[in-house]
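Contents: one structure, followed by commentary.
The values are calculated or read from the model by the stated rules, or taken from the named source; none is laboratory data. Just so it is clear, the structure is predicted and the values come from calculations on it, not from any experiment. Reconstructed Cβ throughout: ideal geometry from the backbone, glycine too, with neighbour counts over all protein chains shown. Each accessible area value is taken on the protein alone, full model and side chains, heavy atoms only, with ligands, DNA and RNA left out. Shrake-Rupley method; radii C 1.70, N 1.55, O 1.52, S 1.80 Å.
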Amino acid sequence: MANRPIRIAPSILSADFARLAEETNAIDAAGADYLHVDVMDGHFVPNISFGVPVMKALRGLTDKPLDVHLMIAPVDPYLEDFAKGGADIITVHAEAGPHLHRSLQAIRALGKRAGVALNPATPVSAIQHVIDLVDQILVMSVNPGFGGQSFIPEALTKLRQADALIGNRPIDLEVDGGVDADNAKALADAGANVLVAGTAIFSGNDPKTYAARISALRTAATSTIA
Ligand code: DX5
Ligand code: ZN
């Protein structure tokens, strides 16, 4: 397993949107490594969240990297807007269109880190031939669209396969959906180094709880014996 640093990426989807600035400042101060920004279109996934204007507002509140997970199709027409709006990592779904290679090239051409997400039913082999255009692989451990769903254990197998595909390449391996302090060690053991967590961090929406929850995830993940 490559020696990639553990990153905790709270998903702003589970924040209290009526207090978005306060929640963002709190999660930043609580030790988040990235802010995970879930963009949903009601078409690629059966839910609508928010788009570029909200991401831009987040950009104005934090210097932490914005890890933008685009659950939209088509995606190519919007890449430039997200890049110019301040995204740092832009992740597209392998299933979102017929031209994944082009999408990844476009993200890199915009000067951003290129991510590719795999739905639970999509095999790791789907990205084998574009791997050298990828900076981060996102293994979905729930069906995308909603926070608070149960972790799908088969994701562990996929993480191990993705880790093997990555080899020594400088590619981060992210997992998203149902991540908590109880499964974080198994996820890290399987190769994941970027842990997205919505419910496990924001549940109750009490900023006083965030630092301990981020720290619990980090401690669990780093207790791994590689
Ligand atoms: C689901 C999103 C996730 C979601 C995770 O479609 O991509 O980022 O916010 O939420 P939890 O951690 O509650 O499963
Ligand atoms: Zn996500």
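Each residue in segment 150-167 was checked for being among the acidic types (D, E) and either in contact with a strand residue (DSSP E or B) (Cβ under 6 Å, 6 or more places away or on another chain) or surrounded by 19 or more Cβ atoms within 10 Å (Cβ to Cβ) (or both), and 1 of them qualify.
Pairs linking a residue in segment 140-159 that is at pLDDT 95 or above to a residue that is within 14 Å of ligand 2 (Cβ to nearest atom) and open to solvent by 60 Å² or more (accessible area, probe 1.4 Å), with Cβ atoms under 6 Å and 6 or more positions apart or on different chains, are V142/Q149; G147/T199; G148/T199. If you check I152 against the conditions, is it in a helix (DSSP H, G or I) and among the hydrophobic types (A, V, I, L, M, F, W, C)? No, not satisfied.
When the residues of segment 3-15 are filtered to those that are under 18 Å from A211 (Cβ atoms) and open to solvent by less than 50 Å² (accessible area, probe 1.4 Å), the one that is farthest from the chain's Cα centre (by Cα) is A15.
When A192 is tested against the conditions (1) in a loop (DSSP other than H, G, I, E, B); (2) surrounded by fewer than 22 Cβ atoms within 10 Å (Cβ to Cβ); (3) of a type outside the set (S, T, Y), the lone failure is (2).
Would you check if there is a residue in segment 6-16 being more than 15 Å from ligand 1 (Cβ to nearest atom) and on the phi < 0 side of the Ramachandran plot? Yes; the residues of segment 6-16 include at least one that is more than 15 Å from ligand 1 (Cβ to nearest atom) and on the phi < 0 side of the Ramachandran plot.
The number of residues in segment 121-149 being surrounded by fewer than 18 Cβ atoms within 10 Å (Cβ to Cβ), more than 8 Å from ligand 1 (Cβ to nearest atom) and assigned to a loop (DSSP other than H, G, I, E, B) comes to 3.
Among the residues of segment 130-173, the ones that are over 16 Å from the mean Cα position of the chain (by Cα) and at positive phi come to 1 in all.
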